[in-house]
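These notes are about the structure you will find just below.
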Amino acid sequence: MLNNLLSNPVTRTFFALVFAIVAVLGSFFTYVTAPEDFGNTSVQFDVDSIYYFADSWKVAYDYAEITFFSGTLVIPAYHHGRVVAVLLIPPAEQPGTIRLSFPSEHRGDLPEKIDDNLEQGLIVLDHADYTKILRDSGDTILLRADEVTEAEMPSHYLARQLEHGYNLLTSYDIFGYTNWLLPTPQTVLLRLWGQRLGMVTYYEDARVIVKAPDFSLNFKHPEIEDLFYPPESYRGRAIVYMIFLTLAAVSLIAFIAGGLEVREKEVKGQYNVLQTVAALVGALVYAAALSTFDHYFQPSPYATAALWVLPLLGVIVWAQKDRLELSFFGISSRGLGTGLIAAISVCILIALGSAFSLPVGLKLNYMLLPLGLAILLREALIRGFCQRVIAHWLHPLAGLFIVSGVWAVIAVITGPGAIGILPLVSAFGMSLVVGYLYYCSKNLIAACVLAALLELAPMIIRF
């Protein structure tokens, strides 16, 4: 009975719509129940006004104490009207000070107290903490430094120093969109420039992490059990969210292309097991090697596109030898229109669902054209050859999941980011969506366009 229901295009489309709604609702409720776990794609460190301390100011953490004196410039950095970081620049004749003191069981050969003068300090903090420990602390008075000119404190210099805040914040990717987790109350994240110690990074939470050019410490805080920053639940919640978003994208494809009746022309013949496995493994190894080469040596996009053409020439020779038509690989007009509509719709869904905000503009660059061409050629090899051959040889779902999984692993291992469960889930979701469009529409052009849109959209869309 179920087979009879699913054989009806109208029924398939209806089930896909219901599943898409459920997946979208799952994504929505996963986000709204803890939005702080997802951060923001467009975190900014905007400078509005410059202040200075009228008196000395001091803040003491459990293992660090910093002091800045009268005349120190205070530059709050704002994101959507709320302070997320503060840059402190003391006068040259009266630098700030820092004292570090660590437990004997963790400091090793370091002295009991480490003292140094500070040339600058960057504190990443929540707006409520800024109000409590700086603006309304009662220890000093913040006065506007209207006499400070652009020549004395260039805006581009302040922007460059505040960009260090990105290195302190925790971030992760959702389908190519980098989400920065904003500081939460009681966050302790410091970057300090000492005259003797150099650049020191200090993090104090359930763990205490201190990094300097000459030493590094990482130990469990004896009195703090709960993690304040980043939130403990953000990894698990992000994984659940990406799963729901992937299912929503897959359901959207099924809804748009679910009514298609794509009848494939029967292709007779047998596969030689050894030769087929060797060709598939060779294609995937080549894809991994080229991705690694592209990451480490960064050739021009034109050169990368040319290198993706080489294995496709072998596929063309094989297709001509066995008299395979282009339609065997999905290069045809059949299903193209519906597939392109699905590709654009999925790209919009993932962009809005990954960035959690509406776009404000576009960043166009002519170098995106050869980069897009390289992606199209890469997908022609991965989907048009690897997924298509496995689908025809074994089963369509085998081709979908094997190739999507293998390419996700390759993308994470050879990519610029760290290897972990979050990048792997993100890469597998993108790969699965592209493969499913190929599986559903049987049109290679639409699948290649979707892959290009998903990878280029984070570079083009401004949030």
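Assorted remarks:
- Here each label is just a point 7 Å from Cα along the line to Cβ, and for I239 and D214 those points are 4.2 nm apart.
- Rg and Dmax of the range 46-220, both derived from C-alpha coordinates alone, stand at 16.2, 49 Å.
- Listing Y130, Y271, Y366, Y229 from fewest to most neighbouring C-beta atoms within 10 Å gives Y366, Y271, Y130, Y229.
- Per residue convex hull volume, Cα atoms of the range 284-350, in Å³: 134
- Remark: the V273-S300 segment gains 6.0 nm on full extension, using 0.36 nm per residue and subtracting the alpha carbon distance.
- When shorter helices are ignored and each DSSP H run of at least 4 residues is given -39500 (n - 2.57), the per-residue value for the chain at 222 nm works out to -15000 deg cm²/dmol.
- The lysine pair tally for the chain, using Cα distances under 17 Å and a gap of 8 or more places or different chains, is 5.
- Along the axis of the charge dipole computed for the range 46-220 (Cβ charges of +1 for Lys and Arg, -1 for Asp and Glu, origin at the Cα centre), the listed residues F215, L134, W193 are led at the positive end by F215.
- Extending 7 Å from Cα along the Cβ direction at K363 and again at D46 yields two label points whose distance is 1.7 nm.
- Overall dimensions of the range 315-463, expressed as equivalent-ellipsoid semi-axes from the Cα gyration tensor (√(5λ), whole Å, largest first), are 27, 18, 14.
- Dipole magnitude of the chain about its Cα centre (Cβ charges: Lys, Arg +1; Asp, Glu -1), debye to nearest 20: 2600
- Fraction of the pair-distance distribution of the range 383-448 above 21 Å, Cα-Cα pairs, percent: 23
- Long-range Cα-Cα pairs in the range 208-249 (distance over 15 Å), rounded percent: 64
- Among L326, L349, the order by Cβ neighbours within 10 angstrom, fewest to most, reads L326, L349.
- Summary of packing: across the peptides 434-440, 354-360, the per-residue average of other C-beta atoms within 10 Å ranks them, highest first, as 434-440, 354-360.
- Dipole of the chain, positive direction: furthest Cα of H106, I331, L73, with charges on the beta-carbon: I331
- Estimated inter-spin distance, L352 and E225, nm [label 7 Å along Cα→Cβ]: 4.3
- Sites R207 and H392, calculated FRET efficiency, Cβ-Cβ separation with R0 51 Å, nearest 0.05: 0.45
- Relative packing of 29-39, 142-152, which averages over residues the other C-beta atoms within 10 Å, highest first: 29-39, 142-152
- Cα centre as origin, Lys/Arg/Asp/Glu Cβ charges: the range 118-181 dipole, Debye: 160
- Unit charges on C-beta of K, R, D, E only; dipole of the range 46-220, Debye: 360
- Evaluating kT/(6 pi eta Rh) at 10 °C and 1.306 mPa s, with the Kirkwood radius of the chain over Cα pairs in the Stokes-Einstein relation, gives 62 µm² s⁻¹.
- Given charges at Cβ of Lys, Arg, Asp, Glu: the chain dipole, positive-most of A391, I419, S42: A391
- The packing ranking of peptides 211-217, 69-75, highest mean first, is 69-75, 211-217, where packing means the average number of other beta carbon atoms within 10 angstrom of each residue.
- Along principal axes, Cα extents of the range 1-119, largest first, whole Å: 83, 44, 19
- Against the main long axis of the alpha-carbon atoms of the chain, helix 273-297 sits at an angle near 30°.
- By the count of other C-beta atoms within 10 Å, a proxy for reagent exposure, V250, V403 are ordered fewest to most as V250, V403.
Every number in this text was worked out from the coordinates using simple rules, so none of it is lab data. This is a predicted model, so every value here is computed, not measured. For neighbour counting, all protein chains shown are included, and Cβ atoms are generated from backbone atoms with ideal geometry for every residue, glycine included.
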